[in-house]
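What follows is a single structure, written as structure tokens, with notes after it.
The values are calculated or read from the model by the stated rules, or taken from the named source; none is laboratory data. Worth saying up front: this structure is predicted, and the values here are computed from it rather than measured. Every residue, glycine among them, receives a Cβ derived from its backbone with ideal geometry; neighbour counts consider all protein chains shown. Side chains are part of the model used for accessible areas, which takes the heavy atoms of the whole protein and leaves out ligands, DNA and RNA. Shrake-Rupley method; radii C 1.70, N 1.55, O 1.52, S 1.80 Å.
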Amino acid sequence: MRQKYFSKKLLPAVTIQDTQAALRLAETFLKAGLDVMEITFRTQSAASSIKEITKEFPEMKIGAGTLISANQIREANRAGAMFGLAPGFNQKVVEAARLNNLPFIPGISTPSEIEQALQFNCKVLKLFPVNHMGGTDYIDSLEGPYGDHGMELIPMSGVNFSNLKDYLQLRTVIALGGSWMAPRHLLENNQFEEIGDNVRRSLDIVGQVEAV
């Protein structure tokens, strides 16, 4: 999953209000050099947006986020999502994802949840909300007992330009997710040029870390 979806180590998470905005956003990401995005299942247009993006931009690797029920798993799968994410760990949702052959990234925030996820062979995990859990210091603490058991993390919540480098330098972090590249106020004001600039700036930071 690391190389298939997260080779560029960024996962913009967006909440979309209409399909046309979703298409413009996908195009903006691709032109800026990023071919992966997450659309959260927080609006009525989430499934239709995923469906239209997969038609218009098949090169976009698109995930469905905030999947907290088996019904949402099925809906995301029908829409064409390539992978799914959740803010927490729910055994029934994990099982539904497996039944629907949808690669799934559950959310965790504690050692007990990590162990539960690993027992279900879920090794790519969304660490949420990382900023309230202690940020990079918390991840460093988790890497001691779990870093050699295949745990791979996508920290979310509070990730921004000021801490990208710090997170990317941690050995279990395979990508960083959040809304800093396409925040709500830029989407609401159709400021897609600024969003593209944010993506390019983030990719530059990734490149700086990889070059060290």
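The table that follows gives values for the structure above.
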item: Carbon/sulfur fraction of accessible area - the stretch 1-49, other protein chains in place, 1.4 Å, %; result: 43
item: At least 27 Å along the helix axis (C-alpha) and Kyte average at least -1.0, DSSP helices within the chain; result: 192-211
item: Exposed-loop-free span, longest in the chain, where chymotrypsin sites (Phe, Trp or Tyr not before Pro) count as exposed if DSSP calls them loop and at most 16 other C-beta atoms lie within 10 Å; result: 1-119
item: Shape of the chain, Cα gyration tensor, a/c cut at 1.5; result: oblate
item: Surrounding net charge for G177, when Lys and Arg each add one and Asp and Glu each subtract one, Cβ distance under 11 Å; result: +1
item: Under 12 Å, Cβ to Cβ, from K51 - net charge with Lys/Arg +1 and Asp/Glu -1; result: -1
item: Ranked packing of 52-59, 31-38, most packed first, by mean Cβ within 10 Å; result: 31-38, 52-59
item: Residue-averaged [θ]222 nm for the chain, counting only DSSP H segments that reach four residues, each worth -39500 (n - 2.57); result: -14000 deg cm²/dmol
